[in-house]
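A.B. asks: Have a look at this one.
Coordinate-derived values only; no laboratory data. This structure is a prediction, so every number in the text was calculated from the model and none was measured. Note that we place each Cβ from the backbone using ideal geometry, even for glycine, and neighbour counts take in every protein chain shown.
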Amino acid sequence: MKYDAVVMGGGLAGLMCGIRLTQSGLSCAIVSAGQNALHFSSGSLDLLTHLPDGQVVEKPLDALDKLSEQSPEHPYSRLGKLSVIKLTHLAEALLQQSGMKLRGSSDENHYRITPLGHKRLTWLSPESVPTAALHSKMNMGNIAVVGIEGFLDFQPQMVSDELQREGFNASPYYVHLPLLDRLRENPSEFRAINVARWLDRPENMAEIVAEIKPLITDAETIFMPACIGLDTEQPLLELQKQLGKPIYLLPTLPPSLLGIRLHETLLRQFRRQGGIVMPGDKVTSVNCIGSRIESVTTRNHGDISLKASQFVLATGSFFNNGLVAEFDRVYEPLMHLDLCHIPERAQWTNKAFFASQPYMTFGVQTDEQLRAKKDGQTIENLYVAGAVLGGFDPLTEGCGAGVSLISGLHAAGEIMRYFERQRAMQAEVAQ
Ligand SMILES: Cc1cc2nc3c(=O)[nH]c(=O)nc-3n(C[C@H](O)[C@H](O)[C@H](O)COP(=O)(O)OP(=O)(O)OC[C@H]3O[C@@H](n4cnc5c(N)ncnc54)[C@H](O)[C@@H]3O)c2cc1C
């Protein structure tokens, strides 16, 4: 099987790269072993919320110069300010074209409300998530925080207490919803996605409305756990219409409906543009000749290798086995690529639990174009994208999704330029 490009890993980085490549007419296959970080995420996308020294970032693109001074190895610093700005705007446009309804802009971060009722800075949030601009007060009137009896991943009392501390007028409520009794029999099944499968059925809408309506007579706004609208927003819009009040969704513990919806939307866009996805398959070996990759072998395709001119490594970090940590060593398992500097074992972690943890910055080392290196030598046709990259801390710097989107788009841009050069050379030879 031969493609223009093969992407290893179908998380945010791999998918965004694939969407850009197929949009430009190139053939692309994505091999993806399993779930990705989006399935566990809030559904909001962070670009840059804090500098490494802890300074809060209000305007992410204006903070890139300071980031370069403090963290020259950060993928944004390596790509350079102009490139990051261009790719950020491209990411915003492609997310919108894919059908994502997101609020926010790279001009200024905004606050989203977390499952604990706190305010947290971010770049883009699903429209159904409650958000507030940085310096204006969020005015939602009386908020009814409606939980579901037996659903332990969302505690309305805790959310409402925290909202009150933040200055909101909020009250907690529980609905019983007998239609979920079947899930209650097995608490491990009582998860956001399974709840959504029941709440999303049109025949259940009347019962949901009848249960919630009496609780919310004094409320102007309703906050609910993100347990409705798995495939489309339609069930949420219908519930909102029937209750006659705006409903906002708060992310729950994983699996995250908001993150899964983002993943499914991007997957659909990639497939619509002709992209090939090999879900549940895993790249098991990479076949190189000199400093170039010729093909990769996967678990499901056995002897039939996937050939391409260009490859992208987007296999994620420790969370998805894109990196592996043993007691005293860290490595990239597919090719044993060069990693950024890894300090002695004792310095991998910081004893202060909430401080930046050094191991979060571990990852693959690249050249200036974000191509992988092995034994100091650049692999000419292997770009690295997303969480497998080293040099940044997605958690304390609040830049996880941004790095994935921007490095994925950077890889796609370099690959597109490669094929443009090839075409120009062929045209010259033909003349
Ligand atoms: C639990 C969690 C929650 C997060 N929440 C947020 C959030 O709310 N907002 C935010 O901005 N950032 C968040 N992040 C940061 C996150 O790192 C990025 O947002 C981004 O989603 C990472 O995408 P990725 O494509 O680089 O990697 P991943 O999403 O990890 O995807 C990598 C994919 O590669 C596959 N893979 C691995 N090895 C192979 C192989 N050999 N062959 C084929 N496939 C392979 C994996 O199965 C996986 O599907 C979160 C991170 C984690 C871990």
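A.B. asks: Measure nothing fancy, just the Cα-based angle from helix 234-243's long axis to the longest principal axis of the chain, in degrees from 0 to 90, nearest 10.
C.D. replies: Helix 234-243 sits roughly 20 degrees off the main axis of the chain.
A.B. asks: Taking a 24 Å limit on the Cα-Cα distance, which of the listed pairs Lys66/Lys351; Lys307/Lys373; Lys282/Lys374; Lys2/Lys81 fall beyond it? Please report the intermediate quantities before stating the final value.
C.D. replies: Details: Lys66/Lys351 27 Å; Lys307/Lys373 20 Å; Lys282/Lys374 21 Å; Lys2/Lys81 35 Å.
Pairs exceeding the cut-off: Lys66/Lys351; Lys2/Lys81.
A.B. asks: Further question: If I fit a long axis through the Cα atoms of helix 12-23 and take the longest principal axis of the Cα atoms of the chain, what angle between them do I get, 0 to 90°, rounded to 10?
C.D. replies: Taking Cα atoms only, the helix is inclined about 70 degrees.
A.B. asks: Further question: If the reach is capped at under 16 angstrom between alpha carbons, list the lysines near Lys86, excluding any in the same chain fewer than eight residues apart.
C.D. replies: Of all the lysines, those that pass the test against Lys86 - Cα under 16 Å, at least 8 places apart if same chain - are Lys59.
A.B. asks: Using the 10 angstrom Cβ neighbour count as an exposure proxy, how do Val209, Val330, Val384 rank, fewest first?
C.D. replies: Working: Val209 14, Val330 18, Val384 31.
The fewest-first ordering by Cβ neighbours comes to Val209, Val330, Val384.
A.B. asks: So which aspartates and glutamates can Lys241 reach, going by Cα to Cα under 13 Å and dropping same-chain residues fewer than 8 places off?
C.D. replies: Glu233
A.B. asks: Continuing with the same structure: Alpha carbon centre of segment 322-384 versus segment 228-262: separation in Å?
C.D. replies: 37 Å
A.B. asks: Using mean Cβ contacts within 10 Å as the protection proxy, how do 316-324, 24-32, 413-421 order, highest first? Walk me through the numbers on the way to the answer.
C.D. replies: Details: 316-324: 19.1, 24-32: 21.9, 413-421: 16.2.
Final packing ranking: 24-32, 316-324, 413-421.
A.B. asks: Follow-up question, since we're still on this one. Viscosity 0.890 mPa s, temperature 25 °C: give me the Stokes-Einstein translational D for segment 1-115 in µm²/s, with Rh taken as the Kirkwood radius over C-alpha pairs.
C.D. replies: My calculation gives 153 µm²/s for D.
A.B. asks: For helix 257-272, what angle does its Cα long axis make with the longest principal axis of the chain, in degrees from 0 to 90 and rounded to 10?
C.D. replies: 40 degrees
A.B. asks: Taking N as the number of residues in the chain, what value does Rg over Cα atoms divided by 2.2 N^0.38 Å take?
C.D. replies: Compactness ratio reported: 1.04.
A.B. asks: If the cut-off is 19 Å between C-alpha atoms, which lysines fall inside it for Lys245, apart from same-chain ones fewer than 8 positions away?
C.D. replies: Qualifying lysines at Cα under 19 Å: Lys213.
A.B. asks: For an R0 of 51 angstrom, estimate the FRET efficiency from the Cβ-Cβ distance between Lys307 and Glu189 and round to the nearest 0.05. Mind showing how you got there, number by number?
C.D. replies: Details: r = 43 Å, r/R0 = 0.84.
Once rounded, the FRET efficiency stands at 0.75.
A.B. asks: Return Cys227, Cys17, Cys340 ranked ascending by Cβ neighbour count within 10 Å, so the fewest neighbours appear first.
C.D. replies: Working: Cys227 27, Cys17 32, Cys340 16.
In order of increasing Cβ crowding within 10 Å: Cys340, Cys227, Cys17.
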